[in-house]
Structure formats: C-alpha cells, structure tokens
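Asker: Got a structure here, written out as structure tokens. Questions coming.
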Amino acid sequence: MIDAAGRVPVFAYRQPVDLRKGFEGLGALVRQALGQDPLSGAMYLFTNRRRTTAKVLQFDGTGLSLYIKRLARGRFVALWDIGGAASLSLSRPELELFLQGSQLIGTMALAPAPMNSSTFCMFS
C-alpha cells in the first residue's frame, strides 16, 4: 500500500516510459530527466505509452518501493498532452484519482488557489 502520509510531494513524469524499467532505471530517469533525487521521499509517477499501466516509485526512509497498477478497462490520462515542464506536480488526492482512472488530472484545479494579501479588501 502506498504510504498514507499527508504531505508527500508527488511528481508525474510527462513522457511515456518503458515500464520494464525497475528501481534503477526509474531512479536514473528521476535523476537525469527530472533533476531530482529519488531518495528524497517524494513519489514519482510513470505511465506507459498505451496508458494502461502506471508505476509509482518512492523512498520511505528504509528503501525504495515500486507500486504498479494496470487498469482492467480504459486508460490513464495522457500526461504528455498536458503542456508544461518535464514533470507535473500532483497532490495526493490527484494521484489517487489518477490511479483510479479519473480524467480530471491536470485539466482543472481541485482546490482553490491560495489566498494572498492582494485578495483581501480592507474597509476603513
């Protein structure tokens, strides 16, 4: 089971990946393509070209874990169709929705934007 800790960062790799890769291959992809450390504790999501299988790589403090999900029907969202950088930052709920086959990932914000001081109205 994927660690249930609340605020673990999740990064989705936006290109299709040959999911025959294991710990070392996916870890090298995190280092080289994303410029991040796979031992940071963050979760890294990868999908194959057909979008039927996804893998999540995570370091839990004692070792790397690799979680695999293959959909029985349908396809995962094409992360490469969502414009932007090499990775997409997801929240834990978005990761869970993605792994359930939801089409909402990356197409709409699931939470309101954080408030800043310019959004407050001051009355005299």
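Read-outs: derived from the displayed coordinates by stated rules, not from any lab. These figures come from a predicted structure and were not determined experimentally. Please note: Cβ atoms are built from the backbone with ideal geometry, for glycine as well, and neighbour counts cover all protein chains shown.
Asker: Of all residues in segment 41-88, which are part of a strand (DSSP E or B) and within 12 Å of Arg14 (Cβ to Cβ)?
Answerer: Of everything in segment 41-88, those that are part of a strand (DSSP E or B) and within 12 Å of Arg14 (Cβ to Cβ) turn out to be Tyr44, Leu45, Phe46, Thr47, Ser87, Leu88.
Asker: I would also like to ask the following. Looking only at segment 50-69, how many residues end up being under 16 Å from Gly101 (Cα atoms) and under 16 Å from the mean Cα position of the chain (by Cα)?
Answerer: Result for segment 50-69: 9.
Asker: Out of the residues in segment 21-40 that are part of a helix (DSSP H, G or I) and of a type outside the set (A, V, I, L, M, F, W, C), state the one that is surrounded by the most Cβ atoms within 10 Å (Cβ to Cβ).
Answerer: Gly27
Asker: Sticking with this one: Can you tell me which residues in segment 49-71 are of a type in the set (Gly, Ala, Ser) and either in contact with a helix residue (DSSP H, G or I) (Cβ under 6 Å, 6 or more places away or on another chain) or surrounded by fewer than 16 Cβ atoms within 10 Å (Cβ to Cβ) (or both)?
Answerer: Gly61, Gly63, Ser65, listed by residue number.
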